[in-house]
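Single-structure report; data block below.
The values are calculated or read from the model by the stated rules, or taken from the named source; none is laboratory data. Note that the structure is predicted; figures quoted are calculated from it, not measured. No Cβ is skipped: glycine too gets one built from the backbone with ideal geometry, and neighbour counts run over all protein chains shown. Accessible surface is based on the protein model in full, side chains and every heavy atom, while ligands, DNA and RNA are left aside. Shrake-Rupley method; radii C 1.70, N 1.55, O 1.52, S 1.80 Å.
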Amino acid sequence: MHEQTKVLPRVAVCLAPGSEEMEAINTIAILKRAGFEVVVASSAEDGALILDGSRGIKLVADTSLIAIADEQFDCVVLPGGLQGAEHFRDSPLVVEFVKQHHYDGKLIAAICATPAVMFIPNELFSQSLMTCHPAFQSQIPEKQLRVKRVVYDKNHRLLTSQGPGTAQEFALEIVTQLENKAKAAEVADPMVVWPNMHYDVLPRT
């Protein structure tokens, strides 16, 4: 009898002109370290695969979002950066991509300005708990806002985080939700993460 091959989580990381580089690259790198299948997709209307990030650093996508729009992923990641978040907000393709994956019960992960700038105007996750960059917290309804570095709303499969400095925690929490805490600890250990992240402390089984 052949052993069944484990299917690895499949993650789409969306990029836009002005996406925050640390949030995008840290997340991509950590998910790849976890062995996940990561597809980096450009949402640029002109189909450009090389985009200028928020600090002018070039970000390179694997494909255009429209080319994979009908495919299903276990998680959709949306980095921040104000310009990038505004691009996501104004892109019917990105909004529909997120809506469809949320409808299918998949994990949506957004960081920095994106929860406030993209989700709120598009009435996405209107009942979900979330956080965002401190500069945009006033845009999130008080009943939904949680001022924490990383917030996971398990009832709505929404993961949010605050900014570039929380990108490692954000990415490791994606690993935790798609796999488990032990996998996140395995990925974090050789990275020499901040001691107070506590990814070496596993829950009792």
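Some observations on this one:
- Looking only at the stretch 122-149, and only at residues there that are among the hydrophobic types (A, V, I, L, M, F, W, C) and touching a Cys at 6+ places or on another chain (Cβ under 7 Å), the one that is surrounded by the most Cβ atoms within 10 Å (Cβ to Cβ): 132
- Of the strands (runs of 3 or more DSSP E) contained entirely in the stretch 48-103, those carrying at least 1 residues that are open to solvent by 10 Å² or more (accessible area, probe 1.4 Å) and farther than 19 Å from residue 122 by Cβ fall at 50-52, 58-60.
- Among the residues here, residue 80 does not qualify as at positive phi, modelled with pLDDT of 95 or more and of a type outside the set (D, E, K, R).
- Tabulated pairs, the stretch 29-46, first within 25 Å of residue 95 (Cα to Cα), second among the basic types (Lys, Arg) and buried (at least 16 other Cβ atoms within 10 Å of the Cβ), C-beta under 8 angstrom, 6+ apart or interchain: 36/10; 37/10; 39/10
- Candidates are the residues of the stretch 23-47 that are small (Gly, Ala, Ser) and part of a helix (DSSP H, G or I); the one that is surrounded by the fewest Cβ atoms within 10 Å (Cβ to Cβ) is 29.
- Evaluation of residue 114 against the conditions (1) in contact with a helix residue (DSSP H, G or I) (Cβ under 9 Å, 6 or more places away or on another chain); (2) farther than 22 Å from residue 175 by Cβ shows that the sole unmet condition is (2).
- Filtered by the rule that a residue be in contact with a strand residue (DSSP E or B) (Cβ under 7 Å, 6 or more places away or on another chain) and not small (Gly, Ala, Ser), the stretch 43-69 gives 49, 50, 51, 52, 58, 59, 60, 62, 63, 65, 68.
- In the stretch 150-166, the residue that is most open to solvent (accessible area, probe 1.4 Å) out of those that are closer than 14 Å to residue 24 by Cβ and in contact with a helix residue (DSSP H, G or I) (Cβ under 8 Å, 6 or more places away or on another chain) is 164.
- Meets criteria (within 23 Å of residue 184 (Cα to Cα), modelled with pLDDT of 95 or more, among the aromatic types (Phe, Trp, Tyr) and buried (at least 21 other Cβ atoms within 10 Å of the Cβ)) for residue 119: no
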